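Read the structure below first, then the notes.
The values are calculated or read from the model by the stated rules, or taken from the named source; none is laboratory data. Since we're looking at a predicted model, the values are computed, not measured. With ideal geometry, Cβ positions are generated from the backbone for all residues, glycine too; neighbour counts draw on all protein chains shown. SASA here: full protein model, heavy atoms, side chains in, ligands and nucleic acids out. Shrake-Rupley method; radii C 1.70, N 1.55, O 1.52, S 1.80 Å.
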Amino acid sequence: MPAGRPRQFDPPVALGRATDLFWSRGYEGTSLQGLLAVTGLSRSSLYQTFGDKHHLFSQCLEHYREKTVSGMWQRLEDAPTGRAFVELTMRRAIDDRHAAGGPRGCLVLNTATEFGHRDPDVTRQVQAALSAFRAVFEEAVRRGQADGSITPSQSPQQLAVYLVAGMGGLRTLVKGGEVEALVDGACEMLLTALD
């Protein structure tokens, strides 16, 4: 039996490009034509590989979560203290203001805002991502409490939830164009919870 025609594209690269487009424009703002243009795929190749727009978006959310969480765990592993990881992560959130093409915020939080609870599948993916972010922060807090860089008086779980909310808030302020000095001040205030 003859083998099928080999693929002329790299699916992970196409998925990364689609993720970037959804991240920049949101779900509703991303057209099928835009997806075809950034991935370089024909309509039939896109559908055969990723399914319809909604299914592709779901895969992009998963891709974003895996990449983001993996990066967070690696930065935590590399950080000298739990607090150093938290500070670096918050500062990275506000450094988004210098991103080429402008700040995009967080794809997960952008999606939560765009979809609300109107799509149960997307809601589950957002919740899974937030839970994964919280798990990294919770481990960072535990390490910081063990190494003395974070106050032991706070619950690691509650402080982790606060940090996820703070990171999201900082990204939203940056994306909204808030004055840099005010965002920087908010970041510093957020970090006082670690004292």
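Protein-only accessible surface at a 1.4 angstrom probe places the residues Arg124, Arg91 in the order Arg124, Arg91, largest first. Using only Cα coordinates, the Kirkwood hydrodynamic radius of region 111-195 works out to 14.2 Å. Measuring only protein heavy atoms, the 1.4 Å probe finds Val183 accessible over about 0 Å². Between helix 180-191 and the chain there is an angle of about 60 degrees, using the helix long axis and the longest principal axis of the Cα atoms.
Taking all Cα-Cα distances within region 34-78, those exceeding 17 Å account for 45%. Split the accessible area of the chain by element, probe 1.4 Å, and carbon with sulfur accounts for 53%.
Inter-label distance, Asp78 to Thr123: 3.8 nm, where each label sits 7 Å from its Cα along the C-beta direction.
Dividing the summed -39500 (n - 2.57) terms of all DSSP H runs of n ≥ 4 by the residue count of the chain sets its mean residue ellipticity at 222 nm at -23500 deg cm²/dmol. Only Lys, Arg, Asp and Glu count, each charged at its Cβ (+1, +1, -1, -1), so figure out the dipole size of region 58-194 about its Cα centre, rounded to 20 debye. The dipole magnitude comes to about 120 debye.
Taking each residue as 0.36 nm, the span from Arg92 to Ala181 lengthens on full extension beyond its C-alpha to C-alpha distance by 30.5 nm. Asp147 contributes about 70 Å² of solvent-accessible surface, heavy atoms of the protein only, 1.4 Å probe.
Fully extending the segment from Ala135 to Ala99, taken as 0.36 nm per residue of separation minus the present Cα-Cα distance, adds 10.3 nm. Between the Cα long axis of helix 11-25 and the first principal axis of the chain there is an angle of about 60°, rounded to the nearest 10.
Could you state how much accessible area Lys175 has, in square angstrom rounded to the nearest 10, with a 1.4 Å probe and all protein chains kept in place? Lys175 has an accessible surface of roughly 100 Å² with all protein chains in place. Counting charges near Glu114 (Lys, Arg +1; Asp, Glu -1) among other residues having Cβ under 12 Å from its Cβ returns a value of 0. In this structure the chain gives 54 Å² per residue of accessible area when probed at 1.4 Å with all protein chains present.
Mind grabbing the base-10 log of I(q)/I(0) for the chain at q = 0.13, 0.19 Å⁻¹? Debye formula, identical points on the C-alpha positions, no solvent, two decimal places. Debye output, listed in q order: -0.75, -1.30.
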